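The values are calculated or read from the model by the stated rules, or taken from the named source; none is laboratory data. For clarity, every value in this text was computed on a predicted model and none was experimentally measured. Heads up, the Cβs are rebuilt from the backbone with ideal geometry, glycines too, and the neighbour counts pull from every protein chain shown. Remember, those area values only see protein heavy atoms, side chains included, never the ligands or the DNA or RNA. Shrake-Rupley method; radii C 1.70, N 1.55, O 1.52, S 1.80 Å.
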Amino acid sequence: MSVLPSLETDGERWHSTGGVGMIDEAVFAEAMLASYRRAIASVAAASGDIRAAALRLAAIWRAGGRLVYAGAGSSGLAAAEDAAELPGTFGLEQSRIAIVLPSGTTEPFCIDGAAEDDAVAGERAMTGLGDLTRDAVIVVSASGSTPFTVAAAAEARRRGAFVIGIAHRPGSPLLVGADASILLESGEEALRGSTRLAAGAAQKAALGMLSSLMGFELGHIHQGLMVNLKADNAKLRERARGIVATIAGVSDAKADTALREAGGEVKPAILIACGIVSMSEAVTWLAAAEGRIDDALRRAGVNGITGEGPNKGA
């Protein structure tokens, strides 16, 4: 049984021929591309729900809550990938991000098909996270009816979490039982039953939008740049330098100097490069702006700043 009813696409033409033994790989390739286009279209159709959920995630994070990602099979891997990238991309504390998979987090790339049917394990996984009343739980399932995943979502909601359900079947238990539902009607898979393809592409795009819009709302994106990234390797240190140089309008050398003074933190380095004379003053300006570099730059009056701090000369 497919995740969703068939649509009139190249996928139907592919299936009607009997598969690879009947037609060549070019037709199958076109069928796959058509299914990927539907996947992205399904994310566009759900963009309003994604934006609303992202605003709620940002509010929960600001209030000190955690983000919990849950799923099974390929959906679980998509959720885990998005969760794993948040500390590096947006500087979010690793300790406030949790991943719930049937295999646990010690072997995240081991898909245990039988474990997906264990509803009790899903409940137990959420119970093990303790108090969830301040937290958000993002739960992903292609069918929206995977026992482990649905049980985890239900237990999380019972324990007071704000549950976001992402699934591909309208009216599925996961979507019906969630506080916020994101329906991705991605349609028939070219490779029937393999939800890691079109459904997986839709999930990755939706999760990426969800977490990136949350990052935007938190002030961690400015001019399309990652101003709160964690620069913990050579590539990201170079990227941090470029971000500071671009936003502050200074040379790479001056950006490097500002980053050193800021201990590698991009937002205060931008302010230092713009004329704030110390890290402590940059931190004060950012605190006054609730961490938003755009607001801090406006408050500081970038063009004529003398490092007097936000409470002087107001």
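For the reader, a short list of remarks on this structure follows.
- Full-stretch length increase - Glu93, Ile40 - with 0.36 nm per residue and alpha-carbon distance subtracted: 16.1 nm
- Per residue, segment 132-289 exposes 38 Å² of solvent-accessible protein surface, assessed with a 1.4 angstrom probe and all protein chains in place.
- Nearest-10 value in Å² for the accessible area of Thr284, using the 1.4 Å probe: 70
- Calculated FRET value between Ser194 and Leu33, using beta carbons and R₀ = 22 Å, to 0.05: 0.90
- Solvent-accessible area, 1.4 Å probe, carbon plus sulfur percent, for segment 197-260: 53
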